[in-house]
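Q: Have a look at this one before I ask anything.
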Amino acid sequence: MTVTATRKTIRAAALPAEHGGWGFLLEPIVLGLLVAATWAGLLLSLSAFCVFLIHQPLKMMIKDRRRGLRLERTIWAERFIIGYSAAALLTFLPVLLTADPEYLIPLLLAVPLALVQFSYDLQNDSRALVPEACGAVSLASTTASLALLGGWALRDAVLLWLLLSLRAVPSILYVRARLLAEKGKPGSPMPAWNAHWLALALVAALAAGKWVPLLAVVPFVILLGRAYKGLSKFRRPTRTAMIGMWEMIYGFSSTILIAAGYAL
């Protein structure tokens, strides 16, 4: 029982309790490496992954310290903070010392959004719409930095960030509405539907102006159809885990289509 409890404590300190953020972390990394693969980009991706992992033990340590506690989990959280920070620094330093600093612009712009998300998290309110949206958009900035490391112009890199943000925020609204529907709680699908329509319209306008590939419009059409079916009377009852899994499939499929659009 002691061994099991210790393992649970270590896992709770080491990994995020909520798994929705993994998709929002990995999609920008995958997209950035697909459209602009570089060794510097790979190192930056590893650093971003480590920074993402710091979030859970840092939150745990701060909460315990505020209550004047230093439990076993607090000690493990401190250890993981040191380990993740060291790994993030070791993978980031070569990029910092050798690459053109322009790639830092998206990351710096994303810092306020990340701080908003973290402040809500410390108040045990991380599932509110504002922190979820801020967290997703801040993570999406990674793809712009990877593109800049690959020699992209700043405008095109920011547009790549915008594409992922337009995919993420409507999807958050969809999942929130879908979970309410699955639990039989009152909720309107209109915010999710309107957000998907707005995202599709913006991407279509960018594609018409040849600012982004035409193929980038396709995943937004698919996501809109998914939102209408998933929030209609024709939806099938689905477990929460399966909803999350399908969202990751939709997310990575969107990433591949966008990358294919740029490749073509």
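Q: So for the range 116-177, averaging the separation of alpha carbon pairs under 8 Å that are six or more residues apart and normalising by length, what relative contact order in percent results?
A: Relative contact order here is 33 percent.
Q: Using a cut-off of 14 Å between beta-carbons, work out the net charge of the residues near residue 84 (Lys and Arg +1, Asp and Glu -1, residue 84 not included).
A: Taking every Cβ under 14 Å from that of residue 84, the sum is +1.
Q: While we're on this one: Could you tell me which residue out of 173, 189, 199 lies farthest along the dipole of the range 131-264 toward its positive end? Charges go on the beta carbon: Lys and Arg +1, Asp and Glu -1, centred on the Cα centre.
A: 189
Q: So if I place +1 on the C-beta of Lys and Arg and -1 on the C-beta of Asp and Glu, and nothing else carries charge, what would the dipole magnitude of the range 130-232 be about its Cα centre? I want it in debye, nearest 20.
A: Computed about the Cα centre, the dipole is about 260 debye.
Q: Residue separation times 0.36 nm, minus the C-alpha to C-alpha distance between residue 180 and residue 93: what's the value?
A: Length gained, residue 180 through residue 93: 26.9 nm.
Q: What does the charge add up to near residue 173, with Lys and Arg as +1, Asp and Glu as -1, over the other residues with Cβ less than 14 Å from its Cβ?
A: Overall, the nearby charge balance is +3.
Q: Go through the range 70-78 residue by residue and turn each phi into a ³J(HN,Hα) via Karplus (6.51, -1.76, 1.60, θ = phi - 60°); whole Hz please, and just put x for glycine and proline.
A: With the stated coefficients, the range 70-78 comes to 9, 8, 4, 5, 5, 5, 5, 4, 4 Hz.
Q: State log₁₀ I(q)/I(0) for the chain at q = 0.09 Å⁻¹ as given by the Debye formula over alpha-carbon point scatterers of equal weight, solvent excluded.
A: Values returned for q = 0.09 Å⁻¹ are -0.45.
Q: Once phi is turned into θ = phi - 60°, what whole-Hz ³J(HN,Hα) does the Karplus curve with 6.51, -1.76 and 1.60 give for every residue of the range 150-164, x standing for Gly and Pro?
A: x, x, 6, 6, 4, 4, 5, 5, 5, 5, 5, 4, 5, 4, 5
Q: Further, regarding this structure: Would you mind working out the magnitude of the charge dipole of the chain relative to its Cα centre, with +1 at each Lys and Arg C-beta and -1 at each Asp and Glu C-beta, to the nearest 20 Debye?
A: 1160
Q: A further question follows. Solvent-accessible area per residue for the chain at a 1.4 Å probe radius, Å²?
A: On a per-residue basis, the chain sits at 53 Å².
Q: Over the range 85-137, what is the relative contact order in percent, taking alpha-carbon pairs closer than 8 angstrom and at least six residues apart?
A: Relative contact order of the range 85-137: 29 percent.
Q: Under the definition of Cα pairs under 8 Å and six or more residues apart, what whole-number percent is the relative contact order of the range 165-264?
A: 31
Q: By what distance, in whole Å, do the Cα atoms of the range 143-242 stretch along each of the three principal axes, largest value first?
A: 49, 26, 18
Q: Residue 236 versus residue 70, label points 7 Å from Cα toward the beta carbon: distance in nm?
A: Roughly 5.4 nm, to one decimal.
Q: Just tell me which lysines come within less than 20 Å, Cα to Cα, of residue 233; anything on the same chain fewer than 8 places away is out.
A: List returned: 183, 185.
Q: At a 1.4 Å probe, what is the % contribution of carbon and sulfur to the accessible area of the chain?
A: That fraction is 70 percent.
The values are calculated or read from the model by the stated rules, or taken from the named source; none is laboratory data. Only a predicted model underlies this, so the values are computations on that prediction, with no experimental measurement involved. For neighbour counting, all protein chains shown are included, and Cβ atoms are generated from backbone atoms with ideal geometry for every residue, glycine included. These area figures cover heavy atoms from the full protein model, side chains too; ligands, DNA and RNA do not enter into them. Shrake-Rupley method; radii C 1.70, N 1.55, O 1.52, S 1.80 Å.
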